[in-house]
Each structure stands twice: as C-alpha cells, then as structure tokens.
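The values are calculated or read from the model by the stated rules, or taken from the named source; none is laboratory data. Since the structure is predicted, the reported quantities are computational estimates derived from the model, not experimental observations. Here the Cβ positions follow ideal geometry from the backbone for every residue, glycine too, while neighbour counts run over all protein chains shown.
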C-alpha cells in the first residue's frame, strides 16, 4: 500500500508561516553567522605532477608547516585552517578546473599556492569569474602588469621584473656588459627576456643573443652553439624536470674556457650542488630569492622557518640530505599564508560573503617587517598592483656552497605602477 | 661558432639521438613485424627501463659503473618480463585483434605511467654515468703556418656519449646476428612470414609472440638505460620516444629491420642538425611532414614490402 503525499492548503499555510517565522528570527540569523568551529578552507593549487613537481612537493611541505603553526597559535579568527590540496599537473587548463572545483565543490574561502606562470595566467580568469580570492606564489610579472584581475594577488613573493632590475647593476659592474640569455620559452622566461634586456641596457650593457628553450626539452647541447664567442656574461634561467641536465651540459660545452656565468637559482632548484658534473659552477653567481645555505648572519626567523619546514642548513630535507628544497621560492607559501591570516583578521572574515572585504583588507597592507611571518626579509606590498616588493640576494658558489655576496635594497626592485586594481569593480 | 665545428657538434648530438632512437624503434618494429600488433605502450617500456635503472643504480653501492652495468642487465629483464605478462593478460585475451590491441595497449600505457608516478614519484632523477670525461675535439684550419690543429670553443663531447653510440651499434649488430643466424631468429622470421604455416610446422606461435613482445620491450628499456645518465629518469619520458619511434617505423617500413635503422639515422641526425642550426620545433615539423609524404607516396615505407 502506498501513502499518497498530498499537501492540503491548511498544512501548506502552516508550514509557510513557520518558515517565515524562522527565517525572520534575528536570533537564528545571528547564530548561523556566529563563530563556529568550522575550519577556514584554503584551496591549495599544487603542482604535484608535471614539470613543476619538485616545487609542488616543497610548496606542500612549507604550506603544511605554516598551517600547523597558525593552527597551534589558535587559527584564524579562532577557527582552524584546513588545506585542501588539488593537483593541477602544472597544466593551465587543469589549473582553471582546480580553481572552479575549489569554489564550487569544496566551498573554499580562498585559493592559493600556484607557482608556474602559465598556470597562473590560465587559472586567474576562473578565480575572477568565481569571485574567489586567489593568492599566487608565482614570481611572474603578470599580476603587477595588470593582465589579471582584482581577485588575484601576489603578496608573498616578488616578481621577475623587480628581481632582474635589481640584478642588472651588479651584473654590469662585476661580471660584464655583453650578455647572452638562455631562458625557458614561456611567460616566465619571457619576463626574464624582456625585463633583464631593458635593465642591462639601462646600465649601458647589451644582450647579444636571446636563446629560448622549450620548457619540456630534455637535451640542451644543441642550443649552446648559438652563444656568441664575445659573450662576457652568460645569463641562464631554466625550469622543468631536466634542469640538472641543462646545467651539466652547459659545463660540458664550455669546458675550461667559459664566460662569467650568472644564473637564476631556478636552474638548480631542488638539485644538489654537489651533483657530479656541476664542479664548473665554482665561482659563478646566482640570484637567490632566499639563501639556500644558512649564512653566517642567519636571522632567528630563518632558523625557525627551517626548523618548522624540516630543512637543514644546506637547504635539504632533515630526513634525507639528497632531497634538496626549492628554498629560493617556497618561503612565498609561508609568507602568503601569514598574509591571508592577517588579512582575514583585519577584515573580520566570517565566510565567503566576506571575500571582498578580505581583498580590500589585503590591498590596504603596506609594510611588512622581517619576522617569523616574513623570514625571507622585509617587504612592501603595493595594494594597487597587488604585488609585493622585497630584498633580493646574490650568491657565489664557494667550495660547493652558495655564499651570499650581495643583498639589494627594496628600492632597487621598485618600478612605476602599471595598473591600479583597486579601481576595478568586484 | 664557426660553421665547421658547429656542424661536427650537431652531427655528434644527432648521432647520440639516432642511436637510442634506432634501438627503441627496432623494438616497436619487431613487435609489429612478427605479431602485427601496434604497441602504443612502447614508450612506457622505455620509461620503465630508465626508472628501473635508477632504482638499481641507487640500490647498488660502490663505483657507479657497477650499478650501471647491473642496470644494463636487470632493467631490460624486468621490462621484458612485464611485457610478457601484458602479452598473456591482455593481448592474448583479445586474440591479437589489430583494433583491440591498440585500445588494450593504450590502457597498458596509462597503467604503467601512473604506476610509475605512484611508486617512483614525479621527480626527474639522475643516474650517474659509469664514466664521463669531457673530450675537446680538434679542428683543422689553414692558418699562417699552413695547416694547423686547434681546439675550437665549445666543440666537445663526452666519453659517455661516444660510448652510447658504440654500444648501440654493437646491440644492433647482435640483433641482426640473432635474427639471421640463430634458431630463435629463424623461428621469429618464420612466424612473421606466415603464422599458419609456422603453426603447422610445430612452431609454438603463442610462445614466440610472448618472447617477441618481451624482447621488443627489453630493447626499449635497454635504450633507456643507455640514455638515462645523460637525460634523467622521469615518469613522463616515454612520450617522445614513442612518437619518434612511430615516425621512424612508418618511414622505414613496418617490420623491416634495415628500414628502421636507416630511418632512425635519418630522423635522429636531421633532428640533431636541424635543431642546432635552425630550431627544434622545425625539426619536428619536418619529421612529421616526412611521415605524411611517405604515407602518400610510399605507404609501405622505404624498405617495407607491399602488403597483398
């Protein structure tokens, strides 16, 4: 026997009345939005696989360490932080899907953590559409260039334009003025090409040759004959799974007669400097976002940061000395999470309806002291361009270790604003 | 760089690429020739070879040459063993039907690739070469004092790269001897020529198929062990060798050993030379264009026989 479900007019009226009463009750409304123990969900767009996998692994460890610390100290606004990590395969298309998943499926409060510039560029429009605050840790100039949107911010790591601009004077003064550049052939490499070329020309130098290498390339010797013979400085920056091959083949190509070599540590992130075949790097220079080897003047902040993430004084995992970190970049995750915390606290963030307030609170930030929350160094955040500026380091390889030889000022890295995101509507 | 030294460097780079490509493509060609099976998972057996080489080389302590030599034996054996299992579990079950085997091996491709990701991880890891010395190469030039030698800037190779070329030639010759002079080679050729008649003469065709499939995979794995000290092992590294092997096998003629070697030289060398002088993308475009031309004007390939 089946019971027929039929709503009589009387019960309908009763229910509607009860519903209206509940909905209009001020008490209930207050209760629903009051502090709950529900966690703040941060969607972590992680490069677990694909060409960014080594970075993804260390970005993951840094993120976990920072979240543990934040939760131990009481979380954000009294609520625990939960990281929801999704692999984007270091792929722009999947990146956009991951961002949509964060917004619609996981109901994340914010998204965070993307490194590779092409993934950021591919994912940012999705974050804008979903109105999901998107805190990237990428270095690319695309945030500050105005190419993205109001929901995308980069408060925890500096961008390539400011980095190379601060490097050019040192390169021109100490290494030489005729430069040949080797860089990966995608957005990040193009930032290097465009901005370093301009910066070295401003120092009276010139770039003799631009050599672009596809980021998925596995053999490199064929590119090196294009290096002109009168090159004084070879400028290299490379990413992807084959970086060790790249640097090794560079050494094999030059043998004993190489020009001065200045590289971005990206070419050797997650690679042991003591790997066989890298001996020729002795005496060459590297940009470092954060010195991999603990320096003589190490701050207590750096010490605490290393201990929390599990990195030894050589920049490798404390549990496996051959597992070298991406030390020059991963601090960005740590600092960004602390900025999200600061932003949510100053905005009184309660839930997704406060996302705009969070963006405005972050835009209002400016100076950030060197501290346990900012172990890499002091920073200045520009709320208009959504980009942080900070000190940069130059290190020289001495006895197989990277030794810091120069620290730029923050002013060295500044350039005029190219966009004002605060004028864009939400 | 001057034109002469530049060209020599390009040829050397091309020769290393061509050697490894010849071995990989030979495995693919053998499997197709004997079994009429298009093995889409071939590149993954190449990847397996490299990954196993890394495991072997890191497990065995001592001089890197010991680990490398062990890898040279163990990696092809394991990859071949896995291929035999695949043959029994997948290919035999679909009775070697051409369409079904393509779909089946696509499945195998993903299983192997994702298993490698789960077990080995997403990192690229290096295997130390057994030996590697930088060899600066001389160049002749007509100078003030007549003909003289000098060492141009950047013209160099390593002893290991030369070893790869020599090793590949040795393996190719051995392969040819096995195919033409031994009983197992005779049986394989008989099966290739006419499966039914071979069966009628008491050749255990099913077992031959298993051996051939395993042998093809082992060749790919061997090629990978040779290249891994230069390029590092990575779970996605099977893609390019697969694509290039197909190009080589189509140009050379499916199932023809001679055609495979000639086409591998052609593609490998042109890839080396064109990408040095012009651009790597252009060399891929030309290789693909060559495939299209061969398919239009000589569908059986350079050395292939017309199918009845």
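Does residue B:130 meet the test of being more than 29 Å from residue B:232 (Cα to Cα) and in contact (Cβ under 8 Å) with a residue 60 or more places away in the chain? When the stated conditions are applied, residue B:130 does not pass them.
Of the residues A:246, A:262, the single one that is modelled with pLDDT of 90 or more and more than 21 Å from residue B:279 (Cβ to Cβ) is A:262.
Considering region A:181-219, and only residues there that are more than 16 Å from residue A:235 (Cα to Cα) and not in a helix (DSSP H, G or I), the residue that is farthest from the other protein chains (Cβ to nearest Cβ) turns out to be A:204.
Condition check for residue A:146 on (1) within 19 Å of the chain's Cα centre (by Cα); (2) modelled with pLDDT of 95 or more: one failure, at (2).
Count of region A:252-267 residues, restricted to those that are in a helix (DSSP H, G or I) and either facing another protein chain (nearest Cβ under 8 Å) or out of contact with any helix residue (DSSP H, G or I) (no Cβ under 6 Å at 6 or more places or on another chain) (or both), is 4. Select from region A:41-64 the residues that are more than 16 Å from the chain's Cα centre (by Cα) and farther than 17 Å from residue A:133 by Cβ and write down the one among them that is farthest from the other protein chains (Cβ to nearest Cβ). Applying the filter and picking the extreme gives A:50. Does region A:137-154 hold any residues that are in contact with a strand residue (DSSP E or B) (Cβ under 6 Å, 6 or more places away or on another chain) and either in a strand (DSSP E or B) or over 21 Å from residue A:193 (Cβ atoms) (or both), and which are they? Within region A:137-154, A:151, A:152, A:153, A:154 meet the criteria. Against the definition (modelled with pLDDT of 90 or more, in a helix (DSSP H, G or I) and surrounded by fewer than 24 Cβ atoms within 10 Å (Cβ to Cβ)), how does residue B:248 come out, yes or no? When the stated conditions are applied, residue B:248 does not pass them. Across region B:219-241, the number of residues qualifying as closer than 19 Å to residue B:112 by Cβ, surrounded by 24 or more Cβ atoms within 10 Å (Cβ to Cβ) and under 11 Å from the mean Cα position of the chain (by Cα) comes to 10. Taking the criterion of being in a loop (DSSP other than H, G, I, E, B) and more than 24 Å from residue A:60 (Cα to Cα), the residues of region A:334-385 that qualify are A:348, A:349, A:350, A:351, A:364, A:365, A:366, A:369, A:383, A:384, A:385. Taking the criterion of being surrounded by fewer than 22 Cβ atoms within 10 Å (Cβ to Cβ), within 25 Å of residue B:32 (Cα to Cα) and within 14 Å of chain A (Cβ to nearest Cβ), would at least one residue in region B:92-112 satisfy it? Yes: one or more hits.
Return the residue satisfying two criteria in turn: it lies in region A:268-286 and is touching a residue at least 12 places away in the same chain (Cβ under 8 Å) and within 8 Å of chain B (Cβ to nearest Cβ), and of such residues it is nearest to the chain's Cα centre (by Cα). Explain how you work it out, then say what you get.
The initial filter retains those residues of region A:268-286 that are touching a residue at least 12 places away in the same chain (Cβ under 8 Å), namely A:268-275, A:277-286.
Adding the requirement that they be within 8 Å of chain B (Cβ to nearest Cβ) leaves A:270, A:275, A:277.
Values: A:270: 15, A:275: 26, A:277: 30 Å.
Per the criteria, the residue is A:270.
Of the residues contained in region B:37-44, one or more are found to be more than 25 Å from residue B:205 (Cβ to Cβ) and either in contact with a helix residue (DSSP H, G or I) (Cβ under 6 Å, 6 or more places away or on another chain) or modelled with pLDDT of 90 or more (or both).
Being in contact (Cβ under 8 Å) with a residue 12 or more places away in the chain and surrounded by 18 or more Cβ atoms within 10 Å (Cβ to Cβ) holds for only one residue in B:171, B:184, B:203, and it is B:171. The number of residues in region B:133-142 being within 12 Å of chain A (Cβ to nearest Cβ) and either part of a strand (DSSP E or B) or free of Cβ contacts under 8 Å to residues at least 24 places away in the same chain (or both) comes to 3. With respect to (1) assigned to a loop (DSSP other than H, G, I, E, B); (2) under 25 Å from the mean Cα position of the chain (by Cα), the lone exception for residue A:166 is condition (1).
Residue A:38 passes every criterion in (1) under 18 Å from residue A:110 (Cα atoms); (2) modelled with pLDDT of 95 or more; (3) more than 14 Å from chain B (Cβ to nearest Cβ); (4) not in a strand (DSSP E or B) apart from (2). Quick check: anything in region B:263-284 farther than 24 Å from residue B:7 by Cβ, within 12 Å of the chain's Cα centre (by Cα), away from chain A (no Cβ under 14 Å) and crowded, with 21+ Cβ neighbours inside 10 Å? Checking region B:263-284: not a single residue is farther than 24 Å from residue B:7 by Cβ, within 12 Å of the chain's Cα centre (by Cα), away from chain A (no Cβ under 14 Å) and crowded, with 21+ Cβ neighbours inside 10 Å. Within the set B:22, B:79, B:18, the sole residue that is crowded, with 21+ Cβ neighbours inside 10 Å, within 14 Å of chain A (Cβ to nearest Cβ), in contact with a helix residue (DSSP H, G or I) (Cβ under 6 Å, 6 or more places away or on another chain) and in contact (Cβ under 8 Å) with a residue 60 or more places away in the chain turns out to be B:18. Hey, any hits in region B:147-164 for a residue that's out of contact with any strand residue (DSSP E or B) (no Cβ under 9 Å at 6 or more places or on another chain), under 30 Å from residue B:32 (Cβ atoms) and more than 14 Å from chain A (Cβ to nearest Cβ)? Yes, region B:147-164 contains at least one residue that is out of contact with any strand residue (DSSP E or B) (no Cβ under 9 Å at 6 or more places or on another chain), under 30 Å from residue B:32 (Cβ atoms) and more than 14 Å from chain A (Cβ to nearest Cβ). So residue B:148 passes all but one of these: (1) in a loop (DSSP other than H, G, I, E, B); (2) over 24 Å from the mean Cα position of the chain (by Cα); (3) over 25 Å from residue A:276 (Cα atoms). Which condition number does it fail? It is condition (1) that residue B:148 fails.
Residues in region A:220-242 that are assigned to a loop (DSSP other than H, G, I, E, B), more than 12 Å from chain B (Cβ to nearest Cβ) and either within 31 Å of the chain's Cα centre (by Cα) or buried (at least 23 other Cβ atoms within 10 Å of the Cβ) (or both): 2 in all.
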